[in-house]
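**Student:** Take a look at this one; I'll ask things after.
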Amino acid sequence: MKIKIISYISLFLFVQQAVAQTKVADNFFRDFSYEKAAELYQEALKKEDSTEYILKRIGDSYFNISKVEKAEFWYRKAIEKYPSIDSEYIYKYVQTLRSQKKYDLANDYLRNFKLKNNKDRRIKDIDLFNIENYNQLTNTEKVYVTIENLPLNTSYSDFGGYEHHNTLYYYSTWVKDSIVDEKDLYGWNNEPFLNIFEAETKIGQKAKTYGEPTKLNSSVNTVDDHEGLVTITNDGQTMYFTRNNVSKKDKRKYSKEGTSNLKIYKSTLSDNKWTNVTELPFNNDAFSCGAPALSPDNKTLYFVSDMDGGFGQTDLYKVTIKQDGTYGTPTNLGAEINTEGNEKFPFVAKDSTLYFSSDANLNLGLLDIFETNLLKIKKNDSTEVFIKNLGAPFNSPFDDFCYFVDSDTQTGYFSSNREGGKGGDDIYAFGKYQCKQLVSGIAYNKLSEEPLAKVNVSLLDINGKVIETYFTDKDGKYEFKAIGCDKTYTILGERVIYRPDKKEFVTSPADGETTTIDLHLDPLIIDNEIVINPIYFNYDKSFIRPDAAYELENVVAVLREHPKMIIKIESHTDSRGRDAYNLKLSDRRAKSTRDYLYSRGIENNRIQSAVGYGETQILNQCINDVKCTDKAHEENRRSKFIITNKYK
């Protein structure tokens, strides 16, 4: 009996110890100390059965620090053991799968999620969640962007690049002294607390350079709280930033979810120092407000919050900044942007394009960066709101956030904890550029194959608009630099007394390639004759058709180029039809041809004669009563423009 009592007592103490362990883990989880929380929850598992609560908490701990492989493992355990688990954990599990490019399995679970959450806006376009579209998001073939891991990045967490007046502001856990007391580490990631840094930026000959980073003064940066995510007014006098809503002097406050919150603060610049730090009035101890972003006119402040009344876990909001410096009532940006998930890190470009990060819609896993035209649409405007995933290289299977772009230069920054970085989070500089290629070639005399100088080569776009012209050099060479990639163009070569040549081509999607297009121009003067394509007349008619006029313009051009040249016109028919009839018809056609040249300003005395010879000068065997092909007869139907003098 004593043995049984001791066993029960031991079991009771063991369970109590496990419960205590879980409570300790909860405290660390509450304070965002996810690494420590995950360790303690797993210790609790050794002392009790794997409850749904603990499995979810371990998954959440790893999910919140982007350790997706471990998060996937624990979420899967929770889902398989507890089929009736909150479907939100199915979505988180999907995110870990997408983050590892397990798209087919992720889609299987998304369909399961949809059965329970048919109206969830995160999956409203679930039909687009296919391998083809995932691959399109990761494909950078036609994306012309350079990215660089900033030299300012450290082995710690660095994120949130925001440039203003040649100064880069960013947020880092880096400390100058590499030895850090453990009590000064933040439990989320075992790194020091975040502070706001600034570094001077300069445009060098080859690239942008950055000065030595320095912390903002102690009015903004505190010892035991996080500061970060700034936005600055156009005049550079007011800064909004984010901070924990606690300090060592305060009794720690927590939200209803059991985690400490964020608040937005304002600071003003005085004697080149940020001072007068004040809390914005719409902050609340019960929820978070953070990641402020100003509109281009500085009249509206956008931010993220998990306040009651939203659509999801975190939503994007806006608040009016009044002329007297007070603030209106925060307004949710609405269901067109916000979902049941997380929308975070807003940024508004100069053209009012809104950029933000979200774990919803078609994405590559965890947080992806999106853009939308929402802020450009005026009231009662019927324009449809679009939300576009920026895709690679901005987005990856990991967290991608804090997008900033200078619309004038198309350069900016984004942050990511993707593989290949220097620390936990890294800042990446990017530059958008136009893909450019070169097209070059040589213009030749088609008859002699000799290079032609002074050929007017034109580059035309797909609509026939002339973009640029170039005259070939003595070697017949031409080139056009900086033409677009993956586009259709036409190269047209023209020179008086030559028939134009044109070539249509499509450039490749790759930057920096060279396309070679040679041109071959037929000479219009061969020996003592102006040679053009056959000119055609309607049956039994002699008037000049538009297609014939087009060809006769070549004769006009030659005569204008050589004002002393005299020609005679001959018109010939084939042997079909009566001889006398063909003779009269060809003569009428010769004289119609002459009259057209007169109408184009060619003097009468420069056309010696215009005579029709009918079928009297057949060139081949196709005389009367000889059966010939149409092509053989065609050889005999011709107009000749014979030069009768020395014109040079």
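The values are calculated or read from the model by the stated rules, or taken from the named source; none is laboratory data. These numbers come from a predicted model, not from an experiment. Positions of Cβ are generated from backbone atoms using ideal geometry, with glycine treated the same way; all protein chains shown enter the neighbour counts. When the accessible area is computed, the model is the full protein with side chains, heavy atoms only, and any ligands, DNA or RNA have been set aside. Shrake-Rupley method; radii C 1.70, N 1.55, O 1.52, S 1.80 Å.
**Student:** Given [x] 1.24; [y] 0.97; [z] 1.04 as candidate values of Rg/Rh (Cα atoms, Kirkwood Rh), which corresponds to the one derived from the coordinates?
**Tutor:** Here the calculated entry is [x].
**Student:** May I ask for the net charge around Thr472, where only other residues with Cβ less than 13 Å from the Cβ of Thr472 are counted and Lys, Arg are +1 while Asp, Glu are -1?
**Tutor:** Net charge around Thr472: -3.
**Student:** Relative to the first principal axis of the alpha-carbon coordinates of the chain, what is the inclination of helix 34-45, with its axis defined by its Cα atoms, in degrees from 0 to 90 and to the nearest 10?
**Tutor:** Once rounded, the angle reads 60 degrees.
**Student:** If you don't mind, there's one more thing I want to ask. Among 465-473, 410-418, 289-297, how do they line up from the highest to the lowest mean number of other beta-carbon atoms within 10 Å?
**Tutor:** Ranking the peptides 465-473, 410-418, 289-297 by packing returns 410-418, 289-297, 465-473.
**Student:** Oh, and also: So if we plug the beta-carbon distance of Ile526 and Val385 into 1/(1 + (r/R0)^6) with R0 = 56 Å, what FRET efficiency do we get, rounded to 0.05?
**Tutor:** Computed FRET efficiency for Ile526 and Val385 comes out at 0.30.
**Student:** Lys568: which lysines have alpha carbons under 24 Å from its alpha carbon, excluding same-chain residues fewer than 8 sequence positions away?
**Tutor:** Within the straight-line cut-off, Lys568 pairs with Lys541, Lys584, Lys591, Lys640, Lys646, Lys648.
**Student:** May I ask you to compute the full-extension gain from Lys646 to Lys299, defined as 0.36 nm times their residue separation minus their alpha-carbon distance, rounded to one decimal in nm? Intermediate values should be presented prior to the final figure.
**Tutor:** Numbers: separation 347, 0.36 × 347 = 124.92 nm, distance 8.02 nm.
Between Lys646 and Lys299, full extension yields 116.9 nm more.
**Student:** If a cysteine in the chain has no other Cys Cβ under 4.7 Å from its own Cβ, put it on the list, ordered by number.
**Tutor:** Lacking a cysteine Cβ partner under 4.7 Å: Cys289, Cys402.
**Student:** Would you work out the relative contact order for the chain, in percent, from Cα pairs under 8 angstrom that are 6 or more residues apart?
**Tutor:** 9
**Student:** Which of the peptides 577-584, 495-502, 367-374 is most tightly packed, and how do the rest follow, going by the mean number of other Cβ atoms within 10 Å of each residue?
**Tutor:** Going by the mean number of other Cβ atoms within 10 Å, highest first, we get 367-374, 495-502, 577-584.
**Student:** Pop a pseudo-label 7 angstrom from the Cα along the beta-carbon direction at both Glu603 and Ser84 and give the gap in nm to one decimal.
**Tutor:** According to this spin-label approximation, the distance is 10.7 nm.
**Student:** If I stretch the segment between Lys70 and Lys454 completely, what's the gain in nm (0.36 nm per residue apart, minus their alpha carbon distance), one decimal? Don't skip to the end; give the middle numbers.
**Tutor:** Numbers: separation 384, 0.36 × 384 = 138.24 nm, distance 6.94 nm.
Taking Lys70 through Lys454 to full extension adds about 131.3 nm, to one decimal.
**Student:** Please work out the average accessible area per residue across the chain, using the 1.4 Å probe convention, and give it in Å².
**Tutor:** 51
**Student:** Okay, moving on. Ordered by packing density, taken as the mean number of other Cβ atoms within 10 Å over each peptide's residues, highest first, how do 627-639, 310-322 rank?
**Tutor:** Packing proxy ranking, top to bottom: 310-322, 627-639.
**Student:** Net charge near Lys640, counting Lys/Arg +1 and Asp/Glu -1 over other residues with Cβ under 11 Å of its Cβ?
**Tutor:** Here the charged neighbours net out to 0.
**Student:** Let me ask another. Shape of the range 8-167 from its Cα gyration tensor (a ≥ b ≥ c, root eigenvalues): rounded if a/c is under 1.5, otherwise prolate when a/b > b/c, or oblate?
**Tutor:** Note, shape of the range 8-167 comes out oblate.
**Student:** Given a Förster radius of 35 Å and the C-beta distance between Glu553 and Thr629 as r, what FRET efficiency does 1/(1 + (r/R0)^6) yield to the nearest 0.05?
**Tutor:** 0.70
**Student:** Where does the charge balance sit around Ser295 when Lys and Arg score +1, Asp and Glu -1, over other residues with C-beta under 11 Å from its C-beta?
**Tutor:** The answer is +2.
**Student:** Quick check: Cα centre of the range 554-602 to Cα centre of the range 57-102, how many Å?
**Tutor:** With the range 554-602 and the range 57-102 each reduced to a Cα centre, they are spaced 86 Å.
**Student:** Next up: What FRET efficiency do you get for Lys102 and Lys481 if R0 is 30 Å and r is their Cβ-Cβ distance, rounded to the nearest 0.05?
**Tutor:** Efficiency, rounded to the nearest 0.05: 0.10.
**Student:** Ser352 versus Phe505, label points 7 Å from Cα toward the beta carbon: distance in nm?
**Tutor:** Going by the 7 Å Cα→Cβ label model, 4.3 nm.
**Student:** Beyond 27 Å between alpha-carbons counts as too far, so tell me which of Lys101/Lys436; Lys454/Lys503; Lys114/Lys388; Lys202/Lys481 fall in that bin.
**Tutor:** In this structure, Lys101/Lys436; Lys202/Lys481 lie more than 27 Å apart at Cα.
**Student:** Continuing with the same structure: Per 0.36 nm of contour for each residue apart, how much would the distance between Thr329 and Tyr53 grow if the chain were fully extended, relative to their Cα-Cα spacing?
**Tutor:** Computed gain between Thr329 and Tyr53 is 95.6 nm.
**Student:** Relative contact order (percent) for the range 348-454, with alpha-carbon contacts under 8 angstrom and 6 or more residues of separation? All intermediate terms of the calculation are to be shown ahead of the outcome.
**Tutor:** Values: 175 pairs, mean separation 19.6, N = 107.
Result for the range 348-454 is 18 percent.
**Student:** Still on this structure, please answer the following. Add -39500 (n - 2.57) for each DSSP H run of 4 or more in the chain, then divide by its residues: what number comes out at 222 nm, to the nearest 500 deg cm²/dmol?
**Tutor:** That comes out to -7500 deg cm²/dmol.
**Student:** Please label the shape of the range 523-648 as rounded, prolate or oblate, based on the square roots a ≥ b ≥ c of the eigenvalues of the alpha-carbon gyration tensor (a/c under 1.5 means rounded; beyond that, a/b larger than b/c means prolate, else oblate).
**Tutor:** In terms of gyration-tensor shape, prolate.
**Student:** Now a separate question. What shape does the range 269-319 take by its C-alpha gyration tensor, where a ≥ b ≥ c are the square roots of the eigenvalues and a/c under 1.5 counts as rounded, a/b above b/c as prolate, and the rest as oblate? Display every interim value, and only then the final one.
**Tutor:** Numbers: a/c = 3.12, a/b = 1.69, b/c = 1.84.
Verdict is oblate for the range 269-319.
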